[in-house]
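The next block holds one structure in the form of C-alpha cells; read it before the comments.
Only the coordinates and a few stated rules stand behind these numbers; no lab work does. Treat the numbers as computed from the prediction; the structure is a model and nothing was measured. Every residue, glycine among them, receives a Cβ derived from its backbone with ideal geometry; neighbour counts consider all protein chains shown.
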Amino acid sequence: MKLQKIQFKENLPLKIEVHSINRFPIHWHEDITEIILPIKGSVDIKANFEEIHLDEGDFFFINNKTIHSIRSDDESIVLLFYINLDHFEEQFPYIKYMFFRNSIYEELLGKSQVDLETKERFKIHFRNLLISIFAESLNPSVSTQMYDMLIHKLVYQMIYEFNWLQLLKKDGDFISSVHLDRYHRIVKYIQENYSQKINLDDIVSMEYITKTYFSHFWKNLSTYSFSERINYERVLKSEFLLLKNMTITEISHQCGFSDTKYYYRTFKKWYGCMPLEHKEKCFAYESMGHKYKKLDLEDVKPLFEAYMKKFFIYDNSLEEDIDFSSIINKYLYLKYYHTAHGKSSTTDKYLILDPFKYSSHTDDGEIKFNWTTMDLFINLVIDFEFTLKVKFNTDNINRNVVSEYVNIFLESSINRYGMDLFKSCHFLINYKDSLIFDNTKPIEKLITDRFEDVTISYYIEP
C-alpha cells in the first residue's frame, strides 16, 4: 500500500489515464479526487470499508486520501480521471474535506426521501460530461478555453450535485452556503485533531454557537451523531497504520481511542471485521501480485467511440439558456467580490431572480424549476443581505397556466427557504398590453394572500 502521486501539466487541473486492469495495487492519493469510469467490462472497487461493483455506464468517486484498489476478472478497460484539488481551493476552501458520492448507501436508502429520478438525471448529465472531456482530450484542435470550461463544469457539478450533503437532501430542501462551510470546517477540525480528545466545547467555541444550536445544526445535516463521525474519521486513519509494523494498542492510541475495545468495536461496525482480519485480507490481495497496463489514449479511441454511442444520452431537461458553469462563475464572483468590498459599500444591493428563466418542462408538460441554480443566488441574499427581487417574466408562458406556475413557485419557495426570506421581497410582474395586464391580477392575489405589506410592481421590457 502506497501513496500514488499524480503529475499534472502546468495550469491543467485534470489528468486522464486509461488502464487495462486485472489487479490494481492498494494505494491512495493526496489532494486528489479520482473518478473511475469503466468503458469495457466491469470492475470491483474496494474503497476503505466499502466494496463497489461498477458496470459499463457507471462511474464512482474516489475521495481524497481514500485507500482503494481495483480489480476485474476480464482485464477491463477503465478511464481514470484525476482532479487536482489544490487548483480549486481558492474558489472552494473546503474542497479537500468534501465527500463526493453518486449513490445513497444501501442502509440509508430506505430512510431517504431524496428524489431518485432527479439524482439519476444528474448522473446521466455528469457521465455525459466525462465522455465529452475525454472526447476533447483526443481532439488535437480543441481550444484550451473549451477544455478548461468543461473541467470547471465537471468540478462545479461535483460540488453542487454530488457533495454527500447535497446528494442526501430531499428535493425540496435547501442548505445555505453558511451551513455547508460550517459543516466542512468541523470535518476539517476533526481530521486535523482526530488523535486528540475532541470536545464539543472546542467546536462551539470555534464556531461561536451554542451547544443547543450545534445539536440542531448537526442533526439536520448529518446521518450520524457527532461522536460517530469522530470515530469514523479515526477508524479511516487507522487503516493507514494497520499495514505498518505497529501493534493494535499503538494504533488505537495514536488514532485517539481512549481504550482498545472502543477501537475494535468501531472498526467492526464500519469494516465488518476485526482490524487484524482486514490487515490479512490486504496482505492476501497484495500477495497475488499486480496485473494492469497503462494504455495510450489513442489506442482506445475505437473502443471509446463504441462506448460513447451506447451511453451518451442527450437530456434537455438539464439544459438551460445560460450554461451552468457560467452561473457558478457569476455566483463565485459576486460572493468573493462582496466579501472583499461589500461591507464598505453604502449603496443598496439587489438580486433579481427570474424563476421562469431557470425552469424546464417534463415530458408530461409539468413545470420543473432548477432549484440547484436558484439556491446559489438565494445564498447570496442570505449570506450578504442582498434585497431579493423576484421577477415573473411570463412572456413565453401560456397565460392559461401562468397563475398555476406562479403558485407552484411560491409554495415550493416558502417550503424550501422559509417565509422570512420574502418579507422584504419586491415582486416584479411584467405585462405587454391590457389583456395581459388583466391576467396578472390573479398573480398579484397569489402574492398578497401569502405576504403582508409586500411590494409589487409592474414593468414593461421594450
Charge-dipole axis of segment 177-287 as Lys and Arg at +1 and Asp and Glu at -1 on Cβ define it, positive-most pick from His184, Ile248, Trp270 = Trp270
request  = Could you state the angle between the C-alpha long axis of helix 275-287 and the longest principal axis of the C-alpha atoms of the chain, as a value from 0 to 90 degrees rounded to the nearest 10?
outcome  = 80
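Return the subset of Lys15/Lys389; Lys197/Lys268; Lys188/Lys423; Lys244/Lys268; Lys2/Lys309 for which the Cα-Cα distance in this structure is over 31 Å, preserving the input order.
As for pairs spanning more than 31 Å Cα to Cα, those are Lys15/Lys389; Lys188/Lys423; Lys2/Lys309.
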task = Sort 205-217, 412-424, 382-394 for me by packing, meaning the mean count of neighbouring Cβ atoms within 10 Å per residue, highest on top.
result = 382-394, 412-424, 205-217
ask   = What is the extension gain from Lys368 to Arg399, computed as 0.36 nm multiplied by their sequence separation minus the C-alpha to C-alpha distance, in nm to one decimal?
value = 9.4 nm
Amide N of segment 67-95 lying under 18 Å from the label point, which is placed 7 angstrom from the Cα of Glu30 along Cα→Cβ = 67-68, 83-89, 95
message = Just want to confirm a number: the relative contact order over segment 177-287, from Cα pairs under 8 angstrom separated by 6+ residues, in percent.
response = 23
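How much length would be gained if the chain were fully extended between Ile16 and Thr223, taking 0.36 nm per residue of separation minus their Cα-Cα distance, in nm to one decimal?
So the chain would gain 71.2 nm between Ile16 and Thr223.
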Chain lengthening between Lys2 and Met274 when straightened (0.36 nm per residue, less Cα-Cα) = 95.7 nm
ask   = Taking neighbour counts of Cβ atoms within 10 Å as a proxy for exposure, in what order, fewest first, do Ser287, Ser359, Ser72 appear?
value = Ser287, Ser359, Ser72
ask   = What does the charge dipole of the chain about its Cα centre add up to, to the nearest 20 debye, if the Cβ of each Lys and Arg holds +1 and the Cβ of each Asp and Glu holds -1?
value = 1340
